[in-house]
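Contents: one structure, followed by commentary.
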Amino acid sequence: MAAGSRGVNYHWNWGILLEPSPDGQGTYLDMLLGGLRWTIVTALCAWVVALVFGSAIGVLRTLQSRTAQWVAGAYVELFRNIPLLVQLFLWFFVVPELLPREWGIWIKQLRYGAFYTAVVAIGLYMSSRVATQVSAGISALPKGQRMAGTAIGLTPAQTYRYILLPMAYRIVLPPLTSEFLNTIKNTSVALTIGLMELTGAARSMQEFSFQVFEAFTAATVIYLLLNAIVTFGMRALERRLAVPGFNAAR
Amino acid sequence: MSMISMRNVSKWYGPQFQVLKDCSVEVEKGEVIVVCGPSGSGKSTLIKTVNALETIQNGEIVVDGVTVNASKTNLPKLRARVGMVFQHFELFPHLSIIQNLCLGQEKVLGRGHDEAVAKAEALLKRVGLSAHAQKFPGQLSGGQQQRVAIARALVMDPVCMLFDEPTSALDPEMITEVLDVMVELAREGMTMMVVTHEMGFARKVAHRVVFMDQGEIVEDALKEDFFGTPRSERARNFLSKILSH
């Protein structure tokens, strides 16, 4: 209702994007593109964290050791079952207080503290989801594959490296694409700890210019374009890694 | 000294279910042993204990002088010397045929790439698949895949070969091409332990037949004796069922 009545009187002004912003760094569009840069850098770094930790935990879940399975299971449940926003606040506000005083002060004085915190929080949160995908991919392989690798004399590590993981990643590439997109979208929560990523920049533009529709329409279009590029890229990767005859074989 | 020596081997799944009951088998160098028996009799489990793909709780297994179930045994090193062929081939689908044959040579035996490729090509020629070196497993027929799997085991220069129902996942018209390769291998003097229901193969090249039922070795006899006059009731029953058609 409010939006409707406001809509009637709303004064559209797309030219606002090319007007100088009060931060003195250029136009409002430059401000949004600066936000986009933070979104991309944060998402890429968090995605690397998610892939590295997610793969390690995913592998642990498929080992025969009960301890390894338990540790990996606990990790997944911990990071998957606490809301991302809460995790972000825990890393930003609580963890520095729990550390020795000097470390806490050092962390709070970091120049890009919000960025590092966002990378760690989003990266670890997403790693629990990646771990679930990776272990599902490994479990989807025929049991004989592990045996065949073992039988020619490969060590367990080599069996994972050369046989199980290359196929597992291929199998879960489509769901991993979704997780990558989720990582990009989840960077928007970092505005709550002061990271000027795309959503933060859009909100800031709206506060300065009062052109709320232009600000968030522009941000929406930029998110859509970014994720379309990622989707397109991942599809290309899927085609590149496709195993000849594999689908026909099983 | 036997190539493969299994003495009083027992294995349990959980506290109750005993899959192998006090099994003893000796396989001499150059001997071909066929292991048969009804499904669930433990024959696949038995040959998988030889290269420790299955662990055992009791008894002793010695392969070419190495005690398999000793804690200090370097299992990867031992397994590299024991070739194994599986029911479902288990080629590595993301690797080309030639890469399938080079992986173990390079990563386990430490051979250089050129040496590994030369060896792989020689073995592919031997199983009649030279033309398919650059293809992927999914592009080959079942029979061709199983021949590649045999070649993949042979490139490691094994001292003996284990076959776990190598033809039971194949379409009938492809069984012969795989058995031909195995017969040739047997005639060249390879030590082989073969789990199979192909009694034609057993008659042709086996030296001895081991008959298993419910985790026990019921009969361990020379081929002539086994097909002539099996001593046990259970073996007679089994034979009459699989030979009746």
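Based on the convex hull around the alpha carbon atoms, the range B:127-171 presents an average projected area of 3.6 nm². Spatial offset of the range A:128-162 relative to the range B:176-238 amounts to 34 Å, using the alpha carbon center of each. Express in % the proportion of alpha carbon pairs of the protein assembly as shown at distances exceeding 37 Å. Percentage above 37 Å: 47. Alpha-carbon geometry of chain A: the Rg and the Dmax are 22.4, 75 Å, given in that order.
Ignoring chymotrypsin sites (Phe, Trp or Tyr not before Pro) that are buried or in helix or strand per DSSP, and keeping those with at most 15 other beta carbon atoms within 10 Å, what is the longest stretch of chain A between them? By the stated rule (loop sites, at most 15 other Cβ atoms within 10 Å), A:13-111.
Using a probe of 1.4 Å, the accessible surface attributed to A:Glu207 totals some 100 Å² when neighbouring protein chains are kept in position.
What's the center-to-center distance, using Cα atoms, between the range A:69-119 and the range A:170-237 in Å? That distance is 22 Å.
Within 10 Å of the Cβ of each residue in B:92-98, the mean number of Cβ atoms contributed by other protein chains is 6.
Here A:Leu224 sits with roughly 120 square angstrom of accessible surface, probe radius 1.4 Å.
Averaging the Cα positions of each part gives two centres, and for the range B:61-94 and the range B:111-157 these lie 19 Å apart.
Please list B:Lys43, B:Lys223 from largest to smallest accessible area, probe radius 1.4 Å, with all protein chains kept in place. It would help to have the intermediate numbers written out before the result.
Values: B:Lys43 10, B:Lys223 35 Å².
Output order, biggest surface exposure first: B:Lys223, B:Lys43.
Given in Å, the Rg to one decimal and the Dmax to the nearest whole number for the Cα atoms of the range A:1-141 are 21.2, 66. Any idea what % of Cα-Cα pairs in the range A:181-250 are farther than 14 Å? Tail of the P(r) past 14 Å holds 69 percent of the pairs.
Expressed as a whole percent, the proportion of Cα-Cα pairs in the range A:107-239 lying more than 22 Å apart is 56%. Largest first, the extents of the alpha carbon coordinates of the range B:13-119 on the three principal axes equal 49, 31, 30 Å.
Enter the accessible area per residue of the protein assembly as shown (Å², integer; probe 1.4 Å; all protein chains in place).
Numbers: 23820 Å² over 495 residues.
The answer is 48 Å² per residue.
Given the convex hull of the Cα atoms of chain B, what is a quarter of its surface area in nm²? Mind dumping the intermediate values first?
Values: hull surface 54.6 nm².
For chain B, the mean projected area of the Cα convex hull comes to 13.7 nm².
Compactness check for the range A:100-183: Cα Rg over 2.2 N^0.38 Å is 1.58. Peptide B:133-139 is shielded by partner chain Cβ atoms: per residue, an average of 4 of them sit within 10 Å of its Cβ. Neighbouring Cβ atoms from other chains, within 10 Å of the Cβ of residues in A:155-161, number 2 on average. Reported value for the range B:1-48: 75 Å³ per residue, from the convex hull of its C-alpha atoms. The lysines whose alpha-carbon is closer than 29 Å to the alpha-carbon of B:Lys107, local same-chain residues fewer than 8 away aside, are A:Lys143, B:Lys29, B:Lys48, B:Lys72, B:Lys77, B:Lys119, B:Lys125, B:Lys135. The heavy atoms of A:Lys108 offer some 120 square angstrom of accessible surface to a 1.4 angstrom probe. Taken over the C-alpha atoms, the range A:150-189 has Rg and Dmax values of 15.4, 49 angstrom.
Calculated over the range A:85-133, the projected area of the Cα convex hull averaged across directions stands at 3.6 nm².
The values are calculated or read from the model by the stated rules, or taken from the named source; none is laboratory data. Small disclaimer: the values here were computed from a predicted structure and weren't measured. Neighbour counts run over all protein chains shown; Cβ positions are idealised from the backbone, glycine included. Ligands, DNA and RNA are excluded from the accessible area calculation, which covers all protein heavy atoms including side chains. Shrake-Rupley method; radii C 1.70, N 1.55, O 1.52, S 1.80 Å.
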